[in-house]
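Structure first, commentary second.
Laboratory data are not the source of any read-out in this text; all were calculated from the coordinates shown. Worth saying up front: this structure is predicted, and the values here are computed from it rather than measured. Note that each Cβ is placed from the backbone with ideal geometry, even for glycine, and that neighbours are counted across all protein chains shown.
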Amino acid sequence: MLDHEEKFLFKEEILQLSNALSETGALDNVEDLLTDVITSPRFDSEVFTLERSLQVMLGVRTGSTLVGLLTVAPDVFDEVAEVRIPPEVHERLVAWRARFGLAIDNALNFLNNPDGIQGHNFATQVAHVDERRVLQGRLTLVRYNNEPQFFQADAQVYYGLIADLLERLGPHTDGDAIDGETLTRLKDAVALVERKAMPRPDRA
């Protein structure tokens, strides 16, 4: 439950949110945004930018208030009923919390406390794009909850990712961070890429 000071601040935030949502078209625009996010195939990444999108739409403080209200504890949300706001605004808030709140809360918790990776797999394939042969990779990451995630991209994307990883890991690496076998594999792989990437005499 909220103490006296918290209730006062809570009331002020809800009133500001209500005023923003009372603007013409605001309720429908916010609902459209929430619906787009919750139904997006890229939900995990979309929800990460949800608060920023609401801040642009409603204002910085008000956008944050709405995200917090959708995911706050039930007893705190019940305090909204004690604040004098238009019935249509209160009805939408209740409906949004019921429809979107749990999914958004779970996604935000995952983003703030990401699951670890217990395994991975990587495969290559050649795709035909605009009459060109394009080397692609398919990366599978297996979370600790055994749920796999798949990523497919052109080889250039993966080479950029590998370079970023090595550049950021390198300065902090010591003998405990990487074993000799893995280091040898890295050296051999880089040497192979260098040989393959060298221009052929017939293409010079």
Item to complete: Could you work out the local net charge near Arg61, counting Lys and Arg as +1, Asp and Glu as -1, over the other residues with Cβ closer than 12 Å to its Cβ?
Response: -3
Worksheet item: What angle, in degrees between 0 and 90 and rounded to the nearest 10, separates the Cα long axis of helix 26-39 from the longest principal axis of the Cα atoms of the chain?
Response: 40 degrees
Fill in: Cross-link partners of Lys187 among lysines (Cα-Cα below 25 Å; sequence separation of 8 or more within a chain)
Lys196
Worksheet item: Normalised by the residues of the chain, what does the relative contact order come to in percent, with Cα pairs under 8 Å and at least six apart?
Response: 13 percent
Worksheet item: Can you give the angle from 0 to 90° between the axis of helix 155-169 and the longest principal axis of the chain, with both taken from C-alpha atoms, to the nearest 10?
Response: 80 degrees
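Scan region 24-100 for trypsin sites (Lys or Arg not before Pro) in coil per DSSP, keeping those whose Cβ has at most 15 other Cβ atoms within 10 Å, and list them by number. Please report the intermediate quantities before stating the final value.
Working: sites: Arg42, Arg52, Arg61, Arg84, Arg92, Arg97, Arg99; in loops: Arg42, Arg84.
The qualifying sites are Arg42, Arg84.
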Practice prompt. Would you mind pulling out the separation of the Cα centroids of region 157-176 and region 63-86, in Å?
Written response: 44 Å
Discussion item. Using +1 at the C-beta of Lys and Arg and -1 at the C-beta of Asp and Glu, which of Gly59, Ser22, Pro87 has the Cα lying farthest in the positive direction of the dipole of region 4-112?
Written reply: Gly59
Worksheet item: Considering the dipole of region 117-203 built from charges on the beta carbon (Lys and Arg +1, Asp and Glu -1) around the Cα centre, which of Ile162, Leu135, Val193 is farthest to its positive end?
Response: Leu135
